[in-house]
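Peer 1: Would you mind keeping the following structure in view while I ask a few things?
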């Protein structure tokens, strides 16, 4: 089969076969080479060119330049995990090229770390606020649980029909609930919760 000849606009002026090098329309990454038949007046298939890419290199993807006139090597970090320096969220690299803007390969140690420009620094205030909120949540859950146990016994005592065995039990749970109300959650995570009654 005759070899296609192209004019300066890459339109066939002589019909025939031509080897083209195909690239991804979005990432511009080299995909494969194919032999295409071009009739007179027909141009190259979309996302292809006639100049061959260079040899593959470890750690790099071969991509068409943004202006589509040459090949270039772009760093290939696909599959790697980086972290947003704004939010600390994990980001998995899915495109060839440098690491995304505002990311780092360093993982934050806690959800409350802030990026200093070169490393993660603990945000002590945010960490303390979260510890206090968690301590409050825990304290309120224990108070709710204790109140649910106390309520029927307190009703029985008020009505004069409480079982003798429940009188000390009620007192223990009421004492426990009172001690819970005295827990200072502002010192979290260094708080001591009273032990639950065994009765």
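The values are calculated or read from the model by the stated rules, or taken from the named source; none is laboratory data. A quick note: this is a predicted structure, and the numbers were derived from the prediction, not measured. Heads up, the Cβs are rebuilt from the backbone with ideal geometry, glycines too, and the neighbour counts pull from every protein chain shown.
Peer 1: Kindly indicate the residue of region 47-84 that is surrounded by fewer than 18 Cβ atoms within 10 Å (Cβ to Cβ) and within 19 Å of the chain's Cα centre (by Cα) and also farthest from residue 11 (Cα to Cα) among those meeting that condition.
Peer 2: The qualifying residue farthest from residue 11 (Cα to Cα) is 84.
Peer 1: Which of the following residues is in a helix (DSSP H, G or I), touching a residue at least 24 places away in the same chain (Cβ under 8 Å) and out of contact with any helix residue (DSSP H, G or I) (no Cβ under 7 Å at 6 or more places or on another chain): 152, 96, 168, 108?
Peer 2: 168
Peer 1: Consider residue 83 carefully, then state whether it is within 30 Å of residue 132 (Cβ to Cβ) and in contact with a helix residue (DSSP H, G or I) (Cβ under 8 Å, 6 or more places away or on another chain).
Peer 2: Against the criterion (within 30 Å of residue 132 (Cβ to Cβ) and in contact with a helix residue (DSSP H, G or I) (Cβ under 8 Å, 6 or more places away or on another chain)), residue 83 does not qualify.
Peer 1: Would you kindly identify the strands (runs of 3 or more DSSP E) lying entirely within region 6-90 that contain at least 3 residues that are more than 30 Å from residue 107 (Cα to Cα) and not assigned by TED's automatic domain parsing to the domain that holds residue 118?
Peer 2: Output list reads 12-14, 16-23, 30-38.
Peer 1: Further, regarding this structure: Within region 183-193, is there a residue that is over 30 Å from residue 124 (Cα atoms), surrounded by 11 or more Cβ atoms within 10 Å (Cβ to Cβ) and modelled with pLDDT of 95 or more?
Peer 2: no
Peer 1: If residue 166 satisfies every condition in (1) surrounded by 14 or more Cβ atoms within 10 Å (Cβ to Cβ); (2) closer than 30 Å to residue 124 by Cβ but one, which is the exception?
Peer 2: (2)
Peer 1: Continuing with this model, one more query. Return the total of residues in region 93-135 being surrounded by 15 or more Cβ atoms within 10 Å (Cβ to Cβ) and under 24 Å from residue 185 (Cα atoms).
Peer 2: 9
Peer 1: I'd like to verify a number: residues in region 117-140 that are at pLDDT below 95 and within 13 Å of residue 86 (Cβ to Cβ), how many?
Peer 2: 1
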